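Beneath this line is the structure, given in structure tokens, with notes to follow.
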Amino acid sequence: SLSGGGTLRNAAVADLLTLAGRPDVRADGILNATAQVSGTVGNPQANAEVEVTKGSFQGEPFERLTASLAGTAREVRLMSGQVTAGAKQVRFDASFQHPPQRLDTGLLQFQIQTSALPLDQIHTLTEARPGVRGTLQIAAKGAVNVSSGNAGGAALRVAGLQADVMARNLQLTGQPLGDAHLTANSEGGILRTHLESTLANSAVRGDGEWRLEQEYPGSATITFSRLDLAALRAWIAPSRSGLPSRIGGFAEGELRLNGPALQPDRMRAELRIPALEVRANPDLHGFVLRNSGPVTASIAKSVISIEHATLTGPSTDLAVTGKVSLAQKEPFDLRVNGT
């Protein structure tokens, strides 16, 4: 039989990772822990209380992390986990069921809930998207199958997911974006997603369905009503002068997506805009262009192909076709015909 215990005080997390042969993991902090071991060699049982203070993980700092751990030969459980970093709080629980003496394969189940996280205080996000502001709140639980990858690492496959993500008062480079609410729920190997947003003063709705197999094939449809073109331009390409845009108007339509979620470069999208209005003001005395027939385009491999776009206005009749390559410095290959 086994029986014992131990205490660890003021240990540097980075030093412990180096001793464990994982100096590649970017983590730091001061670790305090107590642990007890009981049972037998064939069926050991362990319990531990862990606290890390003044820490960081992958460059993201936090003030305090606490958790309770329990383990047997077939399962590791993490209970009452909590991370605190200023106004940010994250609570989590997890369990990992695995074959004896195998930690590279098994079933990981998790649950996570956060407070309203200020986006400008998330270091990883501000590095990728400078100027982003707002709050993000997440509640999620799910299951992930873990297996040995071909390159020696772990391969992860989502087996189930229920998630609720709320973003409020989003801003980018000082321009308001609105709110967004995303839900995801799986049943019978199918993951269904739903989006509600107020992007660019528009009512944006989206629904998707993805199969939890292979590369997660599926499709989604996003509809938008009276998408404000001036607001859209303000955060896609802000004016350097700070003056309001001379171009206004709106667009209404839908975007359909098809393809594998794990391979975005293989996804294809079809855009259809039944209603489009572009206004130039004030210098052109309220000059307005409107579409004559739906504007249609397709998107694949970072290339937007404009298939049909006819615009009419006072003494004006234009037809636009061609391509826009988002991956090139000179992206436009367009043809404009008309008067």
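Excluding residues fewer than 8 places away in the same chain, name every one of the lysines whose C-alpha is closer than 23 Å to that of LYS329.
LYS301
Mind putting a number on the dipole of the chain about its Cα centre? Charges go on the C-beta only, +1 for Lys and Arg and -1 for Asp and Glu, and I need it in Debye to the nearest 20.
Its charge dipole is roughly 200 debye.
Which of LEU103, GLY5, MET267 sits closest to the plus end of the dipole of the chain, meaning its Cα is farthest towards the positive end, when Lys and Arg get +1 and Asp and Glu get -1 on the C-beta?
MET267
Could you give the size of the charge dipole of the range 1-126 about its Cα centre, using +1 on the Cβ of each K and R and -1 on the Cβ of each D and E, expressed in debye and rounded to the nearest 20?
The calculation lands at about 180 debye.
If you roll a 1.4 angstrom probe over the protein chains with everything in place, what fraction of the accessible area of the range 1-140 belongs to carbon and sulfur, to the nearest %? If you can, show how the numbers build up before the last one.
Values: 4690 of 8550 Å².
Accessible surface attributable to carbon and sulfur in the range 1-140 totals 55 percent.
Averaging over all projection directions, find the projected area of the Cα convex hull of the range 1-99 and quote it in nm² with one decimal place.
In nm², the orientation-averaged hull projection of the range 1-99 is 6.9.
With runs of 4+ DSSP H residues as the only contributors, calculate the mean residue ellipticity of the chain at 222 nm using -39,500 (n - 2.57) per run, divided by the residue total and rounded to the nearest 500. Please report the intermediate quantities before stating the final value.
On the way: 3 runs with 21 residues, N = 339.
Result for the chain, helices only: -1500 deg cm²/dmol.
Estimate the FRET efficiency between ASP179 and VAL41 by the formula 1/(1 + (r/R0)^6), using the beta-carbon distance for r and 35 Å for R0, to the nearest 0.05.
Approximately 0.05, to the nearest 0.05.
Quick check: residue separation of ARG211 and SER147 times 0.36 nm, minus the Cα distance between them. What number comes out in nm?
That pair, ARG211 and SER147, stretches by 21.1 nm at full extension.
Taking Cα pairs under 8 Å and at least six residues apart, what relative contact order does the range 1-67 come out at, in percent?
On the way: 134 pairs, mean separation 20.7, N = 67.
Rounded, it is 31 percent for the range 1-67.
How do 313-324, 294-305 rank on mean C-beta neighbours within 10 Å, highest first?
Listed from highest to lowest mean packing, they are 294-305, 313-324.
Go through GLY174, ALA20, SER80 and say which Cα lies farthest out towards the positive end of the charge dipole of the chain; charges sit on Cβ, +1 for Lys and Arg, -1 for Asp and Glu.
GLY174
Defining a contact as two alpha carbons under 8 Å apart and six or more residues distant in sequence, what relative contact order in percent does the chain show?
Result for the chain is 6 percent.
The values are calculated or read from the model by the stated rules, or taken from the named source; none is laboratory data. Quantities reported herein were computed from a predicted structural model and do not represent experimental measurements. Glycine gets a Cβ as well: all are built from the backbone with ideal geometry, and neighbour counts include every protein chain shown. Heavy atoms of the whole protein, side chains included, go into the accessibility calculation; ligands, DNA and RNA do not. Shrake-Rupley method; radii C 1.70, N 1.55, O 1.52, S 1.80 Å.
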